[in-house]
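The values are calculated or read from the model by the stated rules, or taken from the named source; none is laboratory data. Predicted model only: the values in this text are computed from it and were never measured. Positions of Cβ are generated from backbone atoms using ideal geometry, with glycine treated the same way; all protein chains shown enter the neighbour counts. Surface accessibility is based on the protein's heavy atoms, side chains included, excluding ligands, DNA and RNA. Shrake-Rupley method; radii C 1.70, N 1.55, O 1.52, S 1.80 Å.
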Amino acid sequence: MNLFQLALKNISGNSFRSGVVSLCALLVAAFALTTTLLMRGAENSLRLAIDRLGADIIVVPAGSEAKIESALLMGVPARFWMPQDNVNKIAVIPGIEAVSPQLYLATLTGADCCSVSDMFMIAYDPQTDFTIQPWLNQKLGNGLRLGEVVGGSYIFATEGVQNIKVFGYLVTLKANLEPTGTGLDQSMFFTFNTAYDIAQKSATQAEEALVIPPDSISAVLVKAAPGSDLYVISAQIMRELPEVTPILSSNMFQSYRQQMTGLLKTILVIMGITLGLSVVLIGLVFSMAANERRKELGVIRALGATRRFVFQSLLMEASLLAFLGGATGIGLAVLSVYLFRKLLIVSLGFPFILPSPAVLLLQISIGLLLALFSVNLAALFPAIKISRQDPAVAMRE
Amino acid sequence: MINLIEVNKEYQLGKNSSVSAVRGVSLQISPKEFVIIVGRSGSGKTTLLNLSAGLTRPTSGKVMLDGTDLWSLSDRQQSFLRCQKIGFIFQFPSLLPTLTVHENVILPTVFGTKLITAQVSDRAKQLLQKVSLGEKLAAYPRQLSAGQQQRVVIARALMNQPEVLLADEPTSNLDEKTELEIMELFRDLHLSLGITVVMVTHTRQLVSYGTRAIEMSEGRIVNGNK
């Protein structure tokens, strides 16, 4: 028999006390992991969305900033227009390497002519695009032809029948983009030609025609030349075109970031309180346990156990309970976040993507370490006190 | 074997008050003796036994075990010495409730033993046979009578082949019949194993089991060899 086996026996000997300590560890680990998964997941999602944009600056009509953010983050369809000529005006501004226009469209709500309701669609100009086209060239070897589309990770078509109906027009899904955890995962991308083709044919094929105002675009994506000052470029754009708003990609989703920061602060406070209360409760439980087992521990000392053995034995029990509770808490947290991630996105109002296995493992380790730390911290003082006690005094009534 | 030299033990009750449990006691216990220490409750018997085992530090004086001052040793050294040389039998039920009889008996070997791993279990079984509890290996303490529990405690105390057994009122919670059985067991162990026994009791009738009797009163030895 060794220290570990002795600790296991002691734990199983008092299931209520062990259950309380494990439960505290479960709460600490679950809360810590859920918080980091959500916050890191949201941050990663935002970063992926910005990377997906591929642009340094996105120019939209003034007053459309919130709409474009909702569209990109949450997949809420956005429709706004500005003159197509803005592309040329922006292209000549010093410091700009490339510009490319986009059209933002949406399918109908609850219409038979659309396979998916309220789906956000992005039409791009393959001649000038620098975001999707390079990826397409790499993945498919060429760009999209008329009637072909690329979907976000949630867009799928029946195996062998790659046709999705959009305003009564059948499009062929050629590929799916990697997940971002944002609304882009529920979006579709196709060329300007396909968009105009859909619009033209929807007049007779759809319940309601897709209207694209002539000579209009929704946004201009801007790629700055290396070393250019993005703020200077933005200021110049606003001077040339007062009716538009240039949004720096680094400033994109600021409102969501602020929302996340606010939520994070709240969660951290709650987590701090939970941790503090858990440590206090566990400390009380261990103090009571140590007092209850005072005689027993005195006997063990009389049989030849050192003070160090008694101390280690109590901390071993604490660690085992922390590990048990922590591992359970982590399992529940991962399962809950995975199963309810869509509900979390809707209820929290910001995007979220699950981390890679390596990152998840790191976060799990941190959650487990936090549980171990908090339980051992709580058990430390009672363990020191009881291990230093005179055995004869400990065994006295 | 055990040598107490002018040992005093005071317990602090408060800031300015203390009680003397043992006063200026000098006592020498030789190998193979069966010493019985009698006295009324509060006479300092248990404290004297605890001092002999190094379970409490004397306020003054020395406690020598085989010529070694116990309190000159580190906690680790003292614990090891206690584990190897002393077997302790307590007044109260001292078996660990979460361990089986077998596990309780082998418990001292967790802290140190001369036995190799393969011998530990066999020795435990032999000792339990000796105390007539060979069939109770897998039982838990709550499943045993008080007398049976005390037998297990005796087996545990002998696990590491100690040189001395210290027994603190081992029969106080037992009925008369069981008390006599336990005392016969002690006598048998003393004679068959040649083990030194120091037993504390408030029952004067048990004095006849020993080779020497010592009486204590108010922390002092008032009768018997010092």
When every residue in the range A:6-38 that is in contact (Cβ under 8 Å) with a residue 60 or more places away in the chain and within 14 Å of another protein chain (Cβ to nearest Cβ) is compared, the one surrounded by the fewest Cβ atoms within 10 Å (Cβ to Cβ) is A:LEU8
Original post:
Can you find a residue in the range A:59-76 that is part of a helix (DSSP H, G or I), farther than 26 Å from A:LYS165 by Cβ, without any contact (Cβ under 8 Å) to a residue 40 or more places away in the chain and open to solvent by 50 Å² or more (accessible area, probe 1.4 Å)?
Top reply: no
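Take the range A:354-369 and flag every residue that is open to solvent by less than 50 Å² (accessible area, probe 1.4 Å) and of a type in the set (A, V, I, L, M, F, W, C). Steps first, please.
First, the residues of the range A:354-369 that are open to solvent by less than 50 Å² (accessible area, probe 1.4 Å): A:355, A:360, A:363-364, A:367-368.
Across the range A:354-369, the qualifying residues are A:LEU360, A:ILE364, A:LEU368.
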Considering the range A:166-194, residues that are in contact (Cβ under 8 Å) with a residue 40 or more places away in the chain and of a type in the set (Phe, Trp, Tyr), and then whichever is nearest to A:ILE122 (Cα to Cα), we arrive at A:PHE189
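Of everything in the range A:292-303, what is open to solvent by 30 Å² or more (accessible area, probe 1.4 Å) and touching a residue at least 40 places away in the same chain (Cβ under 8 Å)? Give them in sequence order.
Going residue by residue through the range A:292-303, those that are open to solvent by 30 Å² or more (accessible area, probe 1.4 Å) are A:292, A:294-296.
Passing the criteria: A:ARG294, A:LYS295.
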Within the range B:63-72, can one find any residue that is of a type in the set (Asp, Glu) and within 13 Å of chain A (Cβ to nearest Cβ)? no
State whether one or more residues within the range A:263-278 are farther than 30 Å from A:MET74 by Cα and in contact with a Cys (Cβ under 7 Å, 6 or more places away or on another chain). yes
From the option list A:VAL375, A:VAL346, single residue qualifying as open to solvent by less than 30 Å² (accessible area, probe 1.4 Å) and either of a type in the set (Val, Ile, Thr) or within 14 Å of another protein chain (Cβ to nearest Cβ) (or both) is A:VAL375
When the range B:99-144 is checked residue by residue, the ones that are of a type in the set (S, T, N, Q) and touching a residue at least 24 places away in the same chain (Cβ under 8 Å) are B:THR100, B:ASN104, B:THR109, B:THR113
Looking across the range B:73-115 at residues that are facing chain A (nearest Cβ under 8 Å), of a type in the set (D, E, K, R) and over 28 Å from B:SER172 (Cβ atoms), the single one that is surrounded by the most Cβ atoms within 10 Å (Cβ to Cβ) is B:ASP75
Here the qualifying pairs (Cβ atoms under 8 Å; residues six or more apart or on different chains; first in the range A:234-248 and touching a residue at least 40 places away in the same chain (Cβ under 8 Å); second polar (S, T, N, Q) and in a helix (DSSP H, G or I)) come out as A:LEU241/A:ASN86; A:VAL244/A:ASN86; A:PRO246/A:SER234; A:LEU248/A:SER234
Checked the range B:181-222 for anything without any contact (Cβ under 8 Å) to a residue 12 or more places away in the chain and charged (D, E, K, R); matches are B:GLU184, B:ASP188
If we keep only residues of the range A:189-228 that are part of a loop (DSSP other than H, G, I, E, B) and more than 35 Å from the chain's Cα centre (by Cα), then the residue surrounded by the most Cβ atoms within 10 Å (Cβ to Cβ) is A:ALA206
In the set A:SER228, A:SER216, A:SER249, the lone residue that is out of contact with any helix residue (DSSP H, G or I) (no Cβ under 7 Å at 6 or more places or on another chain) and within 18 Å of A:ALA62 (Cα to Cα) is A:SER216
Taking the range A:83-95 and keeping only residues that are open to solvent by 10 Å² or more (accessible area, probe 1.4 Å) and either within 19 Å of A:ILE68 (Cα to Cα) or under 32 Å from the mean Cα position of the chain (by Cα) (or both), one is left with A:PRO83, A:GLN84, A:VAL87
- Determine whether A:ASN163 is closer than 21 Å to A:GLY75 by Cβ, without any contact (Cβ under 8 Å) to a residue 40 or more places away in the chain and open to solvent by 30 Å² or more (accessible area, probe 1.4 Å). no
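Taking the stated definitions as given, is B:GLN150 in contact (Cβ under 8 Å) with a residue 12 or more places away in the chain, more than 10 Å from chain A (Cβ to nearest Cβ) and surrounded by 20 or more Cβ atoms within 10 Å (Cβ to Cβ)?
Details: in contact (Cβ under 8 Å) with a residue 12 or more places away in the chain: yes; more than 10 Å from chain A (Cβ to nearest Cβ): yes; surrounded by 20 or more Cβ atoms within 10 Å (Cβ to Cβ): yes.
Spelling it out, B:GLN150 is indeed in contact (Cβ under 8 Å) with a residue 12 or more places away in the chain, more than 10 Å from chain A (Cβ to nearest Cβ) and surrounded by 20 or more Cβ atoms within 10 Å (Cβ to Cβ).
Against the condition within 14 Å of chain B (Cβ to nearest Cβ), of a type in the set (Phe, Trp, Tyr) and more than 17 Å from the chain's Cα centre (by Cα), how does A:PHE323 come out, does it pass? Don't jump to the end; show me each part of the working.
Working: within 14 Å of chain B (Cβ to nearest Cβ): no; of a type in the set (Phe, Trp, Tyr): yes; more than 17 Å from the chain's Cα centre (by Cα): yes.
Against the criterion (within 14 Å of chain B (Cβ to nearest Cβ), of a type in the set (Phe, Trp, Tyr) and more than 17 Å from the chain's Cα centre (by Cα)), A:PHE323 does not qualify.
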